[in-house]
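Taking it in order: structure first as structure tokens, then the write-up.
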Amino acid sequence: MRLLLVFLSLVSIARAELDLAPLDAWIKRQKTLKTLDADFVQERKLPSLKKAVSTPGRMRMIRPGKLLWELGEPVKTMAVSDGSTMTLVDVSKKRGQRIDADSAKARQFTLLSNEAFRDLGSFQETFELVESRIVNGIYQITLKPKERAMRKQVAWMFLDIDTRTNELRALALELADKSRIRTIFTRTTINGKVDPAVFSPDLAGYLIR
């Protein structure tokens, strides 16, 4: 009985230490975000590899719905969405696949622009908040998607938020196959000019299914 009481006390303390103020401040800033242009480095770690593979990239977004992820210099793969359909493109092979922009697979890319970020309540309806801490001014929070279809794609999420600027510094996803993709943002421009034409890339000569 004593061990059970100790365990319950530890669980209670852990829950009490979950600090939501930095998360709330960051989500509130998302309401003012209309466009985003960011450079990043994406680290992909596979269970079969000892070292992560790093690839530079660029992300551009216009709310609502328009999104472009580009990986590689020059670009080797990209994901582009017009709000209703997302196209995943292998530039090197000139092949692509169209998927519903609201599908779980597409939302790996559109997590930063969906309804979950409307307010803290919506965020908590979408994600289970597991634990949080602040390290050198960076708020780190661990999440689990609540939706079953999303969990089949993404088992865990990890956010790094700068508490001084309320900007996202890194986003990590642990996928169902135990691989992990960590995106570290190196330059971010909020509400600058983004050319809408970039969301309609020229795919002439590509095999799109």
Legend entry - Cα centre as origin, Lys/Arg/Asp/Glu Cβ charges: the range 20-208 dipole, Debye: 400 debye
Inset, instruction - Could you work out how far helix 2-16 tilts from the main Cα principal axis of the chain, as a 0 to 90 degree angle to the nearest 10? - result: 50 degrees
Legend entry - Value in Å of the Kirkwood radius, where the range 103-209 supplies the Cα pairs that are averaged: 15.8 Å
Legend entry - Dipole magnitude of the range 66-105 about its Cα centre (Cβ charges: Lys, Arg +1; Asp, Glu -1), debye to nearest 20: 200 debye
Legend entry - Highest-MSF residue in the chain out of Lys50, Lys28, Lys178 [GNM, Cα springs under 10 Å]: Lys50
Inset, instruction - Note the per residue figure in Å³ for the convex hull of the C-alpha positions in the range 20-208. - result: 125 Å³
Inset, instruction - Of the DSSP beta bridges with both residues in the chain, give the percent that are antiparallel, rounding to the nearest 5. - result: 95 percent
Legend entry - Kirkwood-based Rg to Rh ratio, the range 139-186, C-alpha trace: 1.03
Legend entry - Using alpha-carbon coordinates, inclination of helix 21-30 to the longest axis of the chain, degrees: 20 degrees
Legend entry - Neighbour-count ranking [beta-carbon atoms within 10 angstrom, fewest first] of Glu17, Glu70, Glu147: Glu17, Glu147, Glu70
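With viscosity set to 1.002 mPa s and temperature to 20 °C, compute the Stokes-Einstein D of the range 38-80, Rh being the Kirkwood radius across alpha carbon pairs; µm²/s, no decimals.
188 µm²/s
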Legend entry - Per-residue Cβ neighbour rank within 10 angstrom, fewest leading, Val89, Val53: Val53, Val89
Inset, instruction - Can you tell me the relative contact order of the chain? Whole percent, Cα pairs under 8 Å, sequence separation 6 or more. - result: 23 percent
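Can you give me the relative contact order of the range 41-86 as a percent, contacts being Cα pairs under 8 Å and 6 or more apart?
Reported as a whole number, the value is 26 percent.
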Inset, instruction - Within 10 Å of each residue's Cβ, count the other Cβ atoms and sort Arg180, Arg148 from fewest upward. - result: Arg148, Arg180
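Every number here is computed from the coordinates shown, using simple stated rules; none is lab data. Every value quoted in this text rests on a predicted model; they were computed, and no experiment measured them. Positions of Cβ are generated from backbone atoms using ideal geometry, with glycine treated the same way; all protein chains shown enter the neighbour counts.
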